[in-house]
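Visitor: Can you read through this structure? Questions will come right after.
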Amino acid sequence: MRLHQSSKFNTGYTIASGGYKPRPRYHFFFIMNINHLITLLPILFLWGCAPAPVSSNRWSIEPISIYDSGDKKGTEIISVQQSTLRAVLSNFESGEVDLLDISRPQHLQRKARFALELDKGEELTSVAFHPSLDLFAAVIDAGNKPGRLEIRSASTGLLIDRVVVGFGPDAVVFSEDGYLAMIANEGEDFLFEPSTKQFFTPEGSISIVRLSKSGHIIRHKNLELADMTYHEGFVITGSGRFMEREIDWNVDGIISKKMDFDGNGVIEKKKVSLGHFEGREVFGTETKGEQKILIPIKTHSPALLEPEYISISPDASKAYVTLQEDDAVAVVDLINELVISYYGLGATRHKTDARYEGWVKFDQLMTGLREPDGITTVANGRYFVTADEGDTDSDSSLPAEGQPISGGRSVSVFDAATGTLLGDTGNQLDEFALANKV
């Protein structure tokens, strides 16, 4: 699952990516001026789950400019170097990185475009600007082989150093001092063995990379994840919760959008049993084909723990890693380079509009596993904050008895030392969007 990042820099403007926003041809991002953000966020967090009135004059978002990459699709991750007001912007479709001058937000300039010359089947999944050096990091997903981290010059794009990391690297971040890079190796690709009708996937991992003063790689370590099936706080649902994955089921080298899974000559809107993963049935919907094969989530084995994004504490002593599909965060001790804790994030409960009936009315109560995507630390590492998106498929838009839906649709705040929930935004984001016709 790829991430959409936003990076705030010291002019008071925010840069926000828009890789999947609706526009006919190009992908782009906005630079926006956000007023009163600092006063708004504590109010949201203190209100917690309770519904709150939305006042349109509390804050505002002002579009400043738009950068158009010119690509049909794939423009995705942006990272800003605050000291120089430059940014790197990735495109996973073309395998290119744009270097931007954002010092004058009204007049964005692309200073360079670097082709990373990826091999067939490889994909550029994330970039990060070094906090002080003329360098950026890029991570490359190599499919069914371990991926790699590349350190490149931000002026020329030339390769400075590289190292092999885990399977499916999906995000890279630097520590504030620049001596550490971390990679979330999601390991989300699934393969199918027709002879045994078994699905399998490499395990996710977390890479710690130590850097020199010049930004060269000194050493690295991959941290494995534990089996969390019976860990306190992790939610095990009885049925109806699946990960949607692209899988080449018929092993023809193509991901088909529609597939006659049962071979009766007709493509129907029905689920068909395709095989097994960890002893449980895997299903495919013929009208969705190989693009959305349903992998059951009924354990929290290492194969299903998929690191998504990372936040490093300001003093670089700890890191917090989202495990989105498992509704959890892993805590890494960076001094001893160990995973020391797992926090199950539980569910949020608030009003939603789940019925398509021609108008918006928040009159249904939803219970949703948070399933965090993005994460950051605040207050000098005392708290971590998650963006609760959801990345699994449920059988219904509203939960059956005792069955939460996927994704909290909220922002949540936790005590970093204990994992205790301090509050979330409930449905305030939905309320605000409706009030401002977003």
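Visitor: Could you please give the count of residues in the range 260-313 that are assigned to a loop (DSSP other than H, G, I, E, B) and aliphatic (A, V, I, L, M)? It would help to see each step written out before you state the result.
Guide: Narrowing the range 260-313 to residues assigned to a loop (DSSP other than H, G, I, E, B): 260-270, 278-279, 286-288, 297-301, 305-306, 313.
Checking which are aliphatic (A, V, I, L, M) leaves us with 266-267, 297, 305.
Within the range 260-313, residues that are assigned to a loop (DSSP other than H, G, I, E, B) and aliphatic (A, V, I, L, M) number 4.
Yes/no per residue for (1) among the small types (G, A, S); (2) surrounded by fewer than 14 Cβ atoms within 10 Å (Cβ to Cβ):
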| site | (1), (2) |
| --- | --- |
| G263 | yes, yes |
| K269 | no, yes |
| E278 | no, no |
| K288 | no, no |
| P296 | no, no |
| E308 | no, no |
| I312 | no, no |
| D315 | no, yes |
| A328 | yes, no |
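Visitor: Also, quick follow-up: Taking the residues in the range 210-235 that are under 22 Å from the mean Cα position of the chain (by Cα) and in a loop (DSSP other than H, G, I, E, B) as candidates, determine which candidate is modelled with the highest pLDDT.
Guide: Out of the qualifying residues, it is L225.
Visitor: Is there a residue being touching a Leu at 6+ places or on another chain (Cβ under 8 Å) and β-branched (V, I, T) anywhere in the range 313-324?
Guide: Within the range 313-324 (the criterion being touching a Leu at 6+ places or on another chain (Cβ under 8 Å) and β-branched (V, I, T)), the answer is no, since none of the residues qualifies.
Visitor: A further question follows. Answer yes or no as to whether A319 is part of a strand (DSSP E or B) and buried (at least 16 other Cβ atoms within 10 Å of the Cβ). Step through it out loud before you land on a result.
Guide: Values: part of a strand (DSSP E or B): yes; buried (at least 16 other Cβ atoms within 10 Å of the Cβ): yes.
Considered against the rule, which asks whether it is part of a strand (DSSP E or B) and buried (at least 16 other Cβ atoms within 10 Å of the Cβ), A319 comes out as yes.
The values are calculated or read from the model by the stated rules, or taken from the named source; none is laboratory data. Keep in mind it's a predicted model, so treat the numbers as computed, not measured. Using ideal geometry, Cβ is built from the backbone for each residue, glycine included, and neighbour counts are taken over all protein chains shown.
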